[in-house]
Amino acid sequence: MRLFTTQSEYADRLASAVESESHCTSQMKLLIDQISSQQGKIVALEEERKRREDECKELKSLVEDLRRKGLQKVVTEVQPPVAAVVIMACNRADYLERTVESVLKHQSSVASKFPLFVSQDGSHPDVKSKALSYSQLVYMQHLDSEPVHTERPGELIAYYKIARHYKWALDQLFYQHNFNQVIILEDDMEIAPDFFEYFEAAAALLEKDKSIMAVSSWNDNGQKQFVHDPYALYRSDFFPGLGWMLSKGTWDELSPKWPKAYPDDWLRLEENHKGRQFVRPEVCRTYNFGEVGSSLGQFFKQYLEPIKLNDVKVNWMSMDLSYLMKDKYPKHFAEIVRKAKLVRGKDAVLKAFNIVGDVRIQYQDEDEFANIARQFGIFEEWKDGVPRTAYKGVVVFRHQTSRRVFLVSPDSLRQLEILDA
């Protein structure tokens, strides 16, 4: 009996122990589940922390970018563009592409100083599509349905359309976009590496010296055999065109009386330039590759194709160009001409070939000038009594590398006050 009672108590205790163990196991599992749940929350919180850190970094980067852009905007507002650059186009999409690519190659680093435009005359779809394919430029379109009436029989209406397009585009850039200077290019030009630096430095001259009507990147006698010094600049009484810059003040004067056709020749008339002059380089900063166009390839093989495009990166902003100012240039140029060796006689050209150093050849009139120019191979043409590239009747070009040849009229010596001839 006592044994049975003892066994019964032992069974109760064992059952109680088993129950306790089971409860303990259950509690342990619950605790483990709670710990697992907490660990999941910890992982989730850690991931949330990392996500927020990444968001903070992105926000900081965005704030910095906005701050930088804001600063650039302020700088742009404080420092207005030097000049707008407009490429005049019509119906040559392949030419336009070559020109735009050449400009963008050198313009991207100075885009804020020289914003780029393409102005198309008409609606040629390939030209419009090509222009709109570039995000780096602003496209303008001139649509003119007014009929063209030429003033003389046999004239090409293209020259009248070009004049209308120029006036419209320049009015847009000066009066709608409010630029102070505009550089005009055509859709068949490539530019030199220092094109923009050249015009930035020249813009200061244009602003200071009102006797300078425009600045050009072109030299009519810029063929390879006639140029040498990429640093040399000249004043000229003959409007060069082919890549040129003018100011709003000058356009205010020209716009109301702009011609119906042939604006280049119109600008070469005394009544329009009024004795003002043009700055040009010795070595061209533009190259005209347009054999096909309105001029039907006139003079291309002889005068345009051999042009030397400058390939030297000149730091124009570090150069002192004050010698080109009206009060200094006549004496500066006269001294150069005075030092050249005077060559006389009908065989003057032949003599010049055998002289070392700069030479001066005098001509009496337009016919004699044409004869001398023909022997050297430079332009013979005059407009309104002025030979191409001339300054006070003097035409200068290089011959046989670095030496200069000066073709000088009797009146040139008087104007330059050269008394030793």
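The values are calculated or read from the model by the stated rules, or taken from the named source; none is laboratory data. What you are looking at is a predicted structure, and each value in this text was computed from that prediction instead of being measured. Cβ sites come from the backbone with ideal geometry, for glycine too, and all protein chains shown count toward neighbours. Note: accessible area is taken over every heavy atom of the protein model, side chains too, but ligands, DNA and RNA are not part of it. Shrake-Rupley method; radii C 1.70, N 1.55, O 1.52, S 1.80 Å.
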Worksheet entry | Surface share of carbon and sulfur [accessible, 1.4 angstrom probe, percent] for the range 291-383 | 52 percent
Worksheet item: Looking at this model, which pairs from K210/K331; K128/K161; K308/K346; K257/K308; K248/K274 are more than 23 angstrom apart at the alpha-carbon?
Response: K308/K346; K257/K308
Response to the item:
Across L304, L321, L170, the residue with the highest GNM fluctuation in the chain (Cα network, 10 Å cutoff) is L321
Worksheet item: Rolling a 1.4 angstrom probe over the protein heavy atoms, how many square angstrom per residue are accessible across the range 90-248?
Response: 41 Å²
Worksheet item: To one decimal place, what orientation-averaged projected area in nm² is obtained for the convex hull of the Cα set of the chain?
Response: 36.3 nm²
Practice prompt. Per DSSP H run of n ≥ 4, the term is -39500 (n - 2.57); total these for the chain, divide by its residue number, and report the mean residue ellipticity at 222 nm rounded to 500 deg cm²/dmol.
Written response: -14000 deg cm²/dmol
Practice prompt. Provide the convex hull volume over Cα atoms per residue for the range 126-167, in Å³.
Written response: 92 Å³
Response to the item:
Sorted largest first, the Cα spans of the range 260-344 on the principal axes come out in Å as 42, 40, 37
Worksheet item: Among the lysines, which fall within straight-line cross-link reach of K41, defined as a Cα-Cα distance under 21 Å, with same-chain neighbours fewer than 8 residues apart omitted?
Response: K29, K50
Discussion item. Restricting to bridges with both residues inside the chain, how much of the DSSP beta-bridge set is antiparallel, in percent to the nearest 5?
Written reply: 45 percent
Item to complete: Please list 263-275, 396-408, 344-356, 178-190 highest first by mean number of surrounding beta-carbon atoms within 10 Å per residue.
Response: 178-190, 396-408, 263-275, 344-356
Practice prompt. Ratio to report: Rg/Rh of the range 165-301, with Cα atoms as the point set and Rh obtained by the Kirkwood method; give two decimals.
Written response: 0.94
Worksheet, complete the sentence: Taking a crude spin-label model, label points 7 Å out from Cα along the C-beta direction, the L104 to D384 distance in nm is 3.9 nm
Worksheet item: How many Å² of accessible area per residue for the range 251-397, probe 1.4 Å?
Response: 49 Å²
Worksheet item: Between S112 and S133, what FRET efficiency follows from the Cβ-Cβ distance if R0 is 30 Å, with the result rounded to 0.05?
Response: 0.85
Response to the item:
The percentage of the accessible area of the range 140-271 (probe 1.4 Å, all protein chains present) made up of carbon and sulfur atoms, to the nearest whole number, is 51 percent
Worksheet, complete the sentence: Computed for the chain: size of charge dipole around the Cα centre, +1 on C-beta of each Lys and Arg, -1 on C-beta of each Asp and Glu, debye to nearest 20, value 1120 debye
Worksheet item: Hey, could you pull the Cα Rg and Dmax for the range 97-173, both in Å?
Response: 15.0, 48
